[in-house]
1. Looking for whichever is under 28 Å from Ala50 (Cβ atoms), free of Cβ contacts under 8 Å to residues at least 24 places away in the same chain and either open to solvent by 40 Å² or more (accessible area, probe 1.4 Å) or out of contact with any His (no Cβ under 8 Å at 6 or more places or on another chain) (or both) here; the options are Gln95, Gln62. Which one fits?
2. Scanning the stretch 140-158 for residues that are of a type outside the set (A, V, I, L, M, F, W, C), under 22 Å from Lys48 (Cα atoms) and modelled with pLDDT of 95 or more, which turns out least open to solvent (accessible area, probe 1.4 Å)?
3. Specify which of the listed residues (Ala107, Ala122) is under 30 Å from Asp84 (Cβ atoms), open to solvent by less than 90 Å² (accessible area, probe 1.4 Å), in a helix (DSSP H, G or I) and in contact (Cβ under 8 Å) with a residue 24 or more places away in the chain.
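The values are calculated or read from the model by the stated rules, or taken from the named source; none is laboratory data. As the structure is a prediction and not an experimental result, all values here were calculated from the model. Cβ atoms come from the backbone with ideal geometry, glycine included; neighbour counts cover every protein chain shown. Side chains included, ligands, DNA and RNA excluded: accessible areas come from the protein's heavy atoms. Shrake-Rupley method; radii C 1.70, N 1.55, O 1.52, S 1.80 Å.
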Amino acid sequence: MTGAGSRPLRTAALRVGVLVVLAIAGHAAAADFRVGYIDSSRIFQEYKSAQEAQARFDRQVQGWREEADEKDRLVKKLRAEVRDMSPVLSALKRQEKEEALQKAIAAHEQFVQSIWGPQGRAAQENERATQEVVGQIRSVVEKIAGDKALDMVFDSSGGFLIYADKNLDLTSEVIRQLNERSASGTSH
C-alpha cells in the first residue's frame, strides 16, 4: 500500500517492530539494560533559560508585528488617498500616488515574507534559540544518564511512551540541574 493513507499503518508497524526487537534482545540482556525517560515539554516549561529564550523571541515577534502593522497602515492610508483624491488630481499626481501605493505594498509584502516566510527571520531565530536550549538539555541528560549508567533515555512528550515506572522519570532532576547551571552561569 502506498500514499498518505498508509503512513499510519507504517508507523504502527514500525512501533510494533521496535517493540518486538526490544523484547527479543531484551531476554538476553534485560538485567543489564537500564533506561530512563524525560518529558521535554515540561522541561521547556520549567527551565528558566528556556522561558527567557521564549520571552526574548516573543518580544522580537511583537516588534516585527508592530513594524508590519505600521507598514500596513501606510498602505491603507495611501489606498484611501488614491481612492478619495483620484478625481481631483492631475494625471501626473494620480500616477505618483499610485506608484507610492505600489511601493508601499511591495515593501509591506517583502517585509512580511522576510520575517514570516519559510526562511524568514522568525524561523531562523526560533531555530537558533531552540537549538541552544536543546543542546543544554541534551548535555544534562547525557550527564545524568552517564552518572546512573543508563543505556537509553526516552522522551515521553512524543507520545511513543505508553507506560513507564515513575521511578524512571528523570525530568525533575534534569530541570533542577539545568536551573542550577543557569544560576551559576554555566550552560554545558
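1. One residue alone meets the criteria, Gln62.
2. Lys143
3. Every option except Ala107 fails the conditions.
Residue-by-condition table, conditions (1) modelled with pLDDT of 95 or more; (2) under 24 Å from Lys148 (Cα atoms); (3) within 26 Å of the chain's Cα centre (by Cα); (4) of a type in the set (Phe, Trp, Tyr):
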position: Val16; (1), (2), (3), (4): no, no, no, no
position: His27; (1), (2), (3), (4): no, yes, no, no
position: Ser40; (1), (2), (3), (4): no, yes, yes, no
position: Phe57; (1), (2), (3), (4): no, no, yes, yes
position: Arg73; (1), (2), (3), (4): yes, no, no, no
position: Lys76; (1), (2), (3), (4): yes, no, no, no
